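The values are calculated or read from the model by the stated rules, or taken from the named source; none is laboratory data. None of the values given here were measured: they were computed from a predicted structure. Cβ placement follows ideal geometry from the backbone for every residue including glycine, while neighbour counts extend to all protein chains displayed.
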């Protein structure tokens, strides 16, 4: 499986506190069947903005420690970008971290936890005009989408991908979050399932349990796509397959 969203880099944001914890998170991911884990530190946010050179240094140190420890999980580096109205300009300037530097460039975008700004659709449309595909992080955890899951599906219809958190399917969040995740799943709108892992004991890595729940709600083909084909295409810089592929 391929996990597109995690805060595994040690000591850079609200994720892994140190190298030992980061390595424990990688061990948990490997034991659960994850073969690629993407480190996505917070960037461009009002409180958390991990500079590219800091992210790269932490990534290189973790990857070296991973290899020395013999942990069989491939690491990749991107970022979780805070939604801002200047995202199109930042995209034009090449300042948005993407999962692939070539081909189709996907950028993970996080809305404020309290709401989806009214200008979101237009800003994401402009980001797409700059050649980027937005991947909307954990829409099921946003109160705007609790009240109206169709609004998230509408952003998807305009070209974004929806990334749902594994714990939202397994009861780790409030019931509104689970209900929204279920609505998205039943609509066939869960493009990517990711852990959004932060600590060894707080939202740890792991997709297997959520994959089984997603298969019950959306069908095995869509569940497999959400942890294999779709995130694999994102990392490879390709268009994510549609349907049950």
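Below is a table of values for the structure above.
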quantity	calculated
Restricting segment 69-87 to residues that are touching a strand residue (DSSP E or B) at 6+ places or on another chain (Cβ under 9 Å) and farther than 18 Å from residue 112 by Cα, the residue that is surrounded by the most Cβ atoms within 10 Å (Cβ to Cβ)	78
Residue check, residue 188 in contact with a strand residue (DSSP E or B) (Cβ under 8 Å, 6 or more places away or on another chain), surrounded by fewer than 19 Cβ atoms within 10 Å (Cβ to Cβ) and either part of a loop (DSSP other than H, G, I, E, B) or modelled with pLDDT of 95 or more (or both)	no
Selection within segment 36-68 - touching a helix residue (DSSP H, G or I) at 6+ places or on another chain (Cβ under 9 Å), surrounded by fewer than 22 Cβ atoms within 10 Å (Cβ to Cβ) and part of a strand (DSSP E or B)	36
Of all residues in segment 1-27 being in contact with a strand residue (DSSP E or B) (Cβ under 8 Å, 6 or more places away or on another chain) and part of a helix (DSSP H, G or I), the one that is surrounded by the fewest Cβ atoms within 10 Å (Cβ to Cβ)	26
Output for segment 191-222, where each listed residue is in a loop (DSSP other than H, G, I, E, B) and under 16 Å from the mean Cα position of the chain (by Cα)	191, 195, 196, 198, 199, 203, 204, 205, 206, 207
Meets criteria (over 19 Å from residue 138 (Cβ atoms) and either surrounded by fewer than 24 Cβ atoms within 10 Å (Cβ to Cβ) or touching a residue at least 12 places away in the same chain (Cβ under 8 Å) (or both)) for residue 241	yes
Selection status of residue 139, touching a helix residue (DSSP H, G or I) at 6+ places or on another chain (Cβ under 8 Å) and surrounded by fewer than 20 Cβ atoms within 10 Å (Cβ to Cβ)	no
Odd one out for residue 219 among (1) touching a helix residue (DSSP H, G or I) at 6+ places or on another chain (Cβ under 7 Å); (2) at pLDDT 95 or above; (3) within 20 Å of residue 153 (Cα to Cα)	(1)
